[in-house]
Amino acid sequence: MSTEKIPYKIFLSEEELPRRWYNVRADMKKKPAPLLDPATGKPCTPEQLSAVFCDELVKQELNETDPYIDIPEPIIDFYRMFRPSPLIRAYCLEKKLDTPAKIYYKFEGNNTSGSHKLNSAIAQAYYAKAQGLKGVTTETGAGQWGTALSMACSYFELDCRVYMVKVSYEQKPFRREVMRTYGAKVTPSPSDTTDVGRRILAEFPGTNGSLGCAISEAVEAAVSTPGYRYVLGSVLSQVLLHQSVIGLEAKAALDKYGVKPDIIIGCAGGGSNLGGLISPFMGEKLRGEADYRFIAVEPASCPSLTRGKYAYDFCDTGKVCPLQKMYTLGSGFMPSPNHAGGLRYHGMSSILSELYDQGLMEARSVEQTSVFEAAEQFARVEGILPAPESSHAIRAAIDEALKCKETGEEKTILFGLTGTGYFDMYAYEAYNNGTMTDYIPTDEEIAASLAKLPHIG
Ligand SMILES: *Cc1c(COP(=O)(O)O)cnc(C)c1O
């Protein structure tokens, strides 16, 4: 602990890089519900999961008891290139807001993939390589995960096949080209290269695609190609485990200066960055050692936590994946096409869903024009052009800081700045032109989607 003025950037040294990931499930008294086999309604066995996922990742997915899992040395070596990531004190934003609140953010955009997703991509590629596999398949929406996985696969010399949601494939050609530069094969989804893709195309001709649909195609491609497995960039518990490196570093950096956050905020798509950021802090809360407020921020156009149902659902549109109990809007839910800000997955991590259900975490939804207002305000004073996804967290952090201004409370706020927005300039263009609109699904739309949830038990 130190009494000197806290610097703008708190860096950890390479030697302070975490050597173990933290598995928050170990400290949860009531664990997240198990993945179920849709055919039998019984918990998936490791053997079933191993047909889809790498063996070591199946072990991590099912591990609810070990609080710490060693990070293999080759992954640490890769992390050294871009980690530890900086923890930044937002002095300039605080001044601009004229708030007594103290705001910190953990910046994960300092790598070519531009987001936190590389933290898990490199781990998943490592375990695939260690198992002697030839390659992996995956889906990507906005493209950050596909980019991260392409980088990780090229590092370990693995084939990488990415099914990219068609609308992004067309609207984000630069993301696509980054992936191809790293050697990935990128296919717009739905495609005619898989049975499920052909089925979806026949049912919905001219569809723009969705994440759920791209997942189905990637899983089919993995299980039907020898030497391949499927990998996923969010939602799964193994991904939250890998992303715990964010929270472990943030906590170590704050501890150096004796700073304890009151409120910890993250944007929530599938839940991996938020889960990773809050995990070590949540562990303290679960063990009764400290208390924090946690806030998940989601788009009003895809409000799985705030308006979804806690139930078993399919993880994908094609219904080929295991069933997961989670807050969901229904696997057929499609966010409005005018929604620009990512975070469009219909469900949520089972860990975060369970923590939210137990009242250990709060959630709120925000509209996209107010998200871009926050992004603009942040970019103009803090100098980083944030990803639209990350800007959901910025919105909530600013709102909390403004509340402190009213009450005079000097709260300490920590939020996750997950990435940069350079490939999202169409969305910024719509915002700058004043043509960006908000869309909030009606209760009827959500009810119609939830009516199609599978009946379990
Ligand atoms: C993918 C992504 C997210 C959302 O994913 P989570 O799994 O919810 O973390 C947030 N921010 C950025 C920059 C992303 O690329």
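Computed from the coordinates by the stated procedures, all read-outs in this text should not be read as laboratory data. Only a predicted model underlies this, so the values are computations on that prediction, with no experimental measurement involved. Quick reminder, even Gly has a Cβ in these numbers, built from the backbone with ideal geometry, and neighbours come from all protein chains shown.
Quick rundown of the values:
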{"read-out": "Rounded to 5, the percent of DSSP beta bridges in segment 32-175 classed as antiparallel", "value": "40"}
{"read-out": "Percent RCO, i.e. relative contact order, over segment 21-152, from Cα pairs under 8 Å lying at least 6 residues apart", "value": "21"}
{"read-out": "Computed E for GLU406/PHE82 - FRET, C-beta separation, R0 45 angstrom, nearest 0.05", "value": "0.70"}
{"read-out": "Ellipticity estimate at 222 nm from DSSP helix runs (n ≥ 4, -39,500 (n - 2.57)) divided over the chain, nearest 500", "value": "-12500 deg cm²/dmol"}
{"read-out": "Counted charge near GLN60, where neighbours are those whose Cβ lies closer than 12 Å (Asp, Glu -1; Lys, Arg +1)", "value": "-4"}
{"read-out": "Additional length obtainable on full extension of the chain from GLU14 to ALA202, 0.36 nm per residue less Cα span", "value": "62.5 nm"}
{"read-out": "DSSP beta bridge pairing in the chain, given as percent antiparallel to the nearest 5", "value": "35"}
{"read-out": "In degrees, nearest ten, helix 272-286 long axis to first principal axis of the chain (Cα)", "value": "60"}
{"read-out": "Proximal lysines relative to LYS185, as straight alpha-carbon distance under 20 Å, when same-chain residues fewer than 8 apart are discounted", "value": "LYS117, LYS129, LYS134, LYS166, LYS172"}
{"read-out": "SER365, SER272 arranged by Cβ crowding within 10 Å, fewest neighbours leading", "value": "SER365, SER272"}
{"read-out": "Average Cα contact separation per residue, segment 192-343, under 8 Å, 6 or more apart, as relative contact order %", "value": "22"}
{"read-out": "Distance between modelled label sites at LYS5 and ASN338, nm, 7 Å Cα→Cβ extension", "value": "4.6"}
{"read-out": "For MET348, MET81, order by how many other beta-carbon atoms lie within 10 Å, fewest first", "value": "MET81, MET348"}
{"read-out": "Nearest-0.05 FRET efficiency for ALA26 and ASP98, computed from C-beta distance (R0 51 Å)", "value": "0.75"}
{"read-out": "Packing rank of 178-191, 28-41, 131-144, where each peptide gets the mean count of other beta carbons within 10 Å, highest leading", "value": "131-144, 178-191, 28-41"}
{"read-out": "Partners for LYS102 among lysines (Cα-Cα distance below 17 Å; same-chain residues under 8 apart left out)", "value": "LYS5, LYS9, LYS251, LYS256, LYS260, LYS403, LYS405, LYS411"}
{"read-out": "Relative contact order [Cα under 8 Å, 6+ residues apart], the chain, whole percent", "value": "19"}
